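Heads up: the structure comes next, in C-alpha cells.
The values are calculated or read from the model by the stated rules, or taken from the named source; none is laboratory data. Model, not experiment: these values are computed from the prediction. Using ideal geometry, Cβ is built from the backbone for each residue, glycine included, and neighbour counts are taken over all protein chains shown. Heads up: the accessible areas ignore ligands, DNA and RNA and are worked out on the full protein's heavy atoms, side chains in. Shrake-Rupley method; radii C 1.70, N 1.55, O 1.52, S 1.80 Å.
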Amino acid sequence: MISAVLGGMPMFWPGLLLSLVPAALLNRPVGRLLRAHWAVGFVLLLGLGGVVVAMLLPDAFRLSEGGVRHCAVEGGRPRSPYELLHVRHIELKLATYAPVGFAAALAGTRRRAVVALLGAAVLPFAVSALHYALPAIGRACDVQDVWDGVQGVALGAALGLVAGPLLRAVRSRSWSRAA
C-alpha cells in the first residue's frame with residue numbers, strides 16, 4: 001500500500017538512501033547526546049531523514065502549477081484506528097514519523113526522553129510551517145497533516161516505551177553473560 005503512494009514520489013528511495021550517510025556517520029555522537037545506544041541515534045537520524053525526504057522534498061506534480069501558499073486549518077482531528085489502517089497516505093505519515101517517536105522514547109535518561117519526545121511532537125508543526133513558508137516546494141500545509149504526524153510520533157513513542165524495558169533487559173543479560 002505504501003509503495004502505491006511512493007510511486008508519486010520518485011525521489012523518496014534515493015533520498016532515503018542518501019539519509020543513510022549522515023545516519024551512519026553521526027549515530028554515535030547522537031547516541032551519546034541522548035545517552036542511549038548508538039542504534040537509537042541511527043534510528044532517530046534515519047527517521048529525520050525520512051521526514052525530510054517524504055514531507056519536504058518538492059512535489060514534482062505541483063511544481064508546474066507554481067507555488068502553493070495556503071494552509072487548511074478547518075476539519076483537522078485525530079483519526080480513528082480504522083482510518084489509520086485504511087488510508088494509504090496516512091500510512092506513509094505514520095511510517096515516516098513513527099521512527100522519530102520510537103527513538104525519542106528510547107533516549108537514555110527520563111529528562112532527555114521528555115525533551116526528545118517534545119521535539120518529536122513539534123516536528124509535524126515545523127514541517128507544516130515550512131510548507132507554508134516555502135511555497136516553491138509545491139506543498140500546502142494542512143492541520144490534518146499535523147494531526148497525522150503527531151499520531152505517528154505518538155505511535156512510535158508508545159512502541160519505544162514498550163520496547164525500552166525489553167531492550168534494556170536483553171542488553172543487561174548479554175552484559176552479564178559476557179562477564
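Only one of the numbered conditions (1) closer than 14 Å to GLY47 by Cα; (2) out of contact with any Lys or Arg (no Cβ under 8 Å at 6 or more places or on another chain); (3) modelled with pLDDT under 95 is not met by ALA169, and that is (1).
Okay, residues lined up against (1) at pLDDT 90 or above; (2) closer than 27 Å to ALA136 by Cα:
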site: LEU46; (1), (2): yes, yes
site: VAL68; (1), (2): no, yes
site: CYS71; (1), (2): no, yes
site: GLU83; (1), (2): no, no
site: LYS93; (1), (2): no, yes
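Please go through the range 120-157 and pick out each residue that is open to solvent by 60 Å² or more (accessible area, probe 1.4 Å), part of a helix (DSSP H, G or I) and without any contact (Cβ under 8 Å) to a residue 60 or more places away in the chain.
Step one: of the range 120-157, the residues open to solvent by 60 Å² or more (accessible area, probe 1.4 Å) are 122, 125, 130, 132, 134, 136, 147, 155.
Of the ones still in play, those that are also part of a helix (DSSP H, G or I) are 122, 125, 130, 132, 136, 147, 155.
Within the range 120-157, VAL122, PHE125 qualify.
Checked against (1) charged (D, E, K, R); (2) closer than 22 Å to VAL30 by Cα; (3) modelled with pLDDT under 90, ARG111 passes all but a single condition, namely (3). Take SER172 and decide whether it is open to solvent by less than 20 Å² (accessible area, probe 1.4 Å) and assigned to a helix (DSSP H, G or I). The answer is no for SER172.
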